[in-house]
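Undergrad: Quick one: the structure is below, questions incoming.
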Amino acid sequence: MREIRYYAACNLGLEEVMAKEIADLGGREPKTQRGGVQFCGDKKLGYSACLWLRSAIRVQEVLAVGAVRDKAGLKRFIDGLDWQRFLHVDQTLSVDASIRDSFLNHSLYAAQFVKDVIVDQFRGRHGRRPSVDTRDPELPLKLHLRGDRATLYRDLSGASLHKRGYRPIQVKSPLNEATAAGLLLLTGWDRQSPLLDPMCGSGTFVIEAAMMASDRAPGLERDFAFQQWPDFSSGLWRELVLEARNRARAGLRRLPDLEAADHHAGALSLARRSIDAAGFLDVIKLQHAELDDLQPGVPPAILVTNPPYGERLGDMGEVERTWAALGAFLKSLRPPMTAYVLSGEPSLSRQLRLRASRRFAVRNGPIDCRWLQYPLESRQDG
Ligand SMILES: C[S@@+](CC[C@H](N)C(=O)[O-])C[C@H]1O[C@@H](n2cnc3c(N)ncnc32)[C@H](O)[C@@H]1O
């Protein structure tokens, strides 16, 4: 099969775990860069990457790379591809551009220019042209201009890969599914030991943990842009999905103790709906409990949580008390266990009164965070 160059994007801080995921899928020559990983492989690898990468947000295929110094050069670069290979005339496309130190200054202009070259090629050769759909196009394209080097990608994923399909409604969750999965991968959790999230909100950590433990492909219940493409290999895709379904079925037989709690009834009902949609209602134990009263059914070996940061002014006193309560709760658990806490604010993590043994720098949406590791070997204070 033809060797294809890919680029997968992830949240800042998750590049190494994603590179490991890519290598495990058989990706060749993985090269980590800020916010993503380049790699090579065949068509099957691109499909597998969409289906299996837990920490990725997007998977793109490189269509062309070249030197581009002016508009005429950009026109030649885009027109050099036979666009019928990538799109039917009655399908839709979108073009996004990202520009640095280039002859063009405006990314919107560059995107428009590329789109015009493509539709003009269709019109010239076939008398008809495809339309643009910026929301849900069959062919999402991305142009990168860095100096005089141009790279054109097509996005295999379509909708962001964090959309697994188990959220009945898209909640304004501060932690998306791919980030939660990436944070779990950073812990090195063995996927067998008991895991607890005592402030679970909509339940992202425990659901992602259940998916990992049961060997469920995160993309099993959704569609991808590449399924609409003229060069889509439906037989190859069917095989991959069948294998993933078999693995998910077998995986349900060996699930660890997974527990989640929250003091907010609304959050818990959202969590329950997502857990149900993901098919883990019998697997994940949910408790409606205040941190101070929480009694885990099984002593956790690992705790992962994303406490509130207090986004509104005036919340800080209450939020600090929540973090202090979390610190007390961690100290009440039976050692040995390891806790991982996502903090966007050092003054809050200090309230835990515990010493972190590792700090992973990660970006959660717009917030620079630390994924703090607290090994609780024996009781620690202050
Ligand atoms: C930032 S959200 C967690 C979001 C979560 N990671 C998700 O996937 O949706 C923090 C959660 O902590 C819960 N919480 C805050 N204080 C708590 C307390 N004292 N006891 C239990 N839960 C608490 C809130 O109700 C909220 O759902």
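Undergrad: Going residue by residue through region 342-365, is there one that turns out to be within 20 Å of Ala261 (Cα to Cα), at pLDDT 95 or above, under 21 Å from the mean Cα position of the chain (by Cα) and assigned by TED's automatic domain parsing to the domain that holds Glu290?
TA: Yes.
Undergrad: Also, quick follow-up: Residue by residue through region 327-340, note down the ones that are surrounded by fewer than 18 Cβ atoms within 10 Å (Cβ to Cβ) and within 12 Å of the ligand (Cβ to nearest atom).
TA: If the condition is that a residue be surrounded by fewer than 18 Cβ atoms within 10 Å (Cβ to Cβ) and within 12 Å of the ligand (Cβ to nearest atom), then Ala328 is the only one that fits.
Undergrad: Continuing with the same structure: Pick from Ser349, Ser343: which is surrounded by 14 or more Cβ atoms within 10 Å (Cβ to Cβ) and within 16 Å of Phe205 (Cβ to Cβ)?
TA: Just one listed residue meets the conditions, Ser343.
Undergrad: Taking the condition closer than 25 Å to Leu51 by Cα and either within 16 Å of the ligand (Cβ to nearest atom) or loosely packed, with under 13 Cβ neighbours inside 10 Å (or both), does Arg245 pass?
TA: In short, no.
Undergrad: Restricted to region 255-277, and to residues that are in a loop (DSSP other than H, G, I, E, B) and within 13 Å of the ligand (Cβ to nearest atom), which residue is surrounded by the fewest Cβ atoms within 10 Å (Cβ to Cβ)?
TA: My answer is His264.
Undergrad: Are any residues in region 184-223 on the phi > 0 side of the Ramachandran plot and of a type in the set (Gly, Ala, Ser), and if so, which ones?
TA: The answer is Gly188, Gly201, Gly203.
Undergrad: Taking region 161-210, which residues are near the ligand (Cβ under 9 Å from one of its atoms), surrounded by fewer than 24 Cβ atoms within 10 Å (Cβ to Cβ) and among the hydroxyl-bearing types (Ser, Thr, Tyr)?
TA: Of everything in region 161-210, just one residue is near the ligand (Cβ under 9 Å from one of its atoms), surrounded by fewer than 24 Cβ atoms within 10 Å (Cβ to Cβ) and among the hydroxyl-bearing types (Ser, Thr, Tyr), namely Ser173.
Undergrad: Test Ala324 against the criterion of being in the same structural domain as Pro194 (by TED's automatic domain parsing), more than 12 Å from the ligand (Cβ to nearest atom) and surrounded by 15 or more Cβ atoms within 10 Å (Cβ to Cβ), and give yes or no.
TA: Criteria not met by Ala324.
Undergrad: Turning to a different aspect of this structure: Looking at region 135-183 only, could you name the residues that are of a type in the set (Val, Ile, Thr) and modelled with pLDDT of 95 or more?
TA: Residues satisfying the conditions are Thr151, Thr179.
Undergrad: Working carefully through the options Asp223, Asp215, find the one that is under 24 Å from Glu61 (Cα atoms), out of contact with any strand residue (DSSP E or B) (no Cβ under 9 Å at 6 or more places or on another chain) and away from the ligand (no atom under 12 Å from the Cβ).
TA: Asp223
Undergrad: Within region 291-320, how many residues turn out to be within 8 Å of the ligand (Cβ to nearest atom) and either over 21 Å from Leu175 (Cβ atoms) or basic (Lys, Arg) (or both)?
TA: The qualifying residues number 1.
Undergrad: Starting from region 65-79, keep only residues that are closer than 15 Å to Lys142 by Cα, then list their pairs with residues that are assigned to a loop (DSSP other than H, G, I, E, B) and not acidic (Asp, Glu) whose Cβ atoms are within a distance under 7 Å, requiring at least 6 positions of separation or different chains.
TA: What qualifies is Leu74/Val68; Phe77/Val68.
Undergrad: Test Glu345 against the criterion of being under 18 Å from Asp197 (Cα atoms) and within 15 Å of the ligand (Cβ to nearest atom), and give yes or no.
TA: no
Undergrad: Condition first: part of a loop (DSSP other than H, G, I, E, B), under 27 Å from Leu240 (Cβ atoms) and over 21 Å from the mean Cα position of the chain (by Cα). Now tell me which residues in region 26-80 satisfy that.
TA: Selection gives Asp42 alone.
Undergrad: Give, as residue ranges, the strands (runs of 3 or more DSSP E) completely inside region 279-382 that count at least 1 residues that are closer than 25 Å to Ser55 by Cβ and touching a Ser or Thr at 6+ places or on another chain (Cβ under 9 Å).
TA: In region 279-382, the matching strands (runs of 3 or more DSSP E) lie at 302-305, 337-343, 358-364, 367-376.
Undergrad: Still on this structure, please answer the following. Could you check Thr151 against (1) touching a helix residue (DSSP H, G or I) at 6+ places or on another chain (Cβ under 9 Å); (2) more than 16 Å from the ligand (Cβ to nearest atom); (3) of a type in the set (S, T, N, Q) and say which number it fails?
TA: Result: Thr151 passes all but (1).
Undergrad: List pairs: first residue in region 229-246 and of a type in the set (Lys, Arg), second residue in a helix (DSSP H, G or I) and at pLDDT below 95 anywhere in the structure, Cβ distance under 7 angstrom, at least six positions apart or on different chains.
TA: none
Undergrad: Looking at region 316-353, which of its residues are of a type in the set (A, V, I, L, M, F, W, C) and either in contact with a Gly (Cβ under 6 Å, 6 or more places away or on another chain) or free of Cβ contacts under 8 Å to residues at least 24 places away in the same chain (or both)?
TA: The answer is Met316, Val319, Leu352.
Undergrad: Of the numbered conditions (1) surrounded by fewer than 20 Cβ atoms within 10 Å (Cβ to Cβ); (2) part of a loop (DSSP other than H, G, I, E, B); (3) not small (Gly, Ala, Ser), Arg216 satisfies every one except a single condition; which is it?
TA: (1)
Undergrad: Related question: Could you give every pair whose Cβ atoms fall below 7 Å, whose first residue belongs to region 266-288 and is more than 24 Å from Leu220 (Cα to Cα), and whose second residue is in a helix (DSSP H, G or I), counting only separations of at least 6 or pairs across chains?
TA: Pairs that qualify, where the first residue is more than 24 Å from Leu220 (Cα to Cα) and the partner is in a helix (DSSP H, G or I), are Leu286/Leu268; Leu286/Ala271; Leu286/Arg272; His288/Ala265; His288/Leu268.
The values are calculated or read from the model by the stated rules, or taken from the named source; none is laboratory data. Values in this document were obtained by computation on a predicted structure and should not be read as measured data. Every residue, glycine among them, receives a Cβ derived from its backbone with ideal geometry; neighbour counts consider all protein chains shown.
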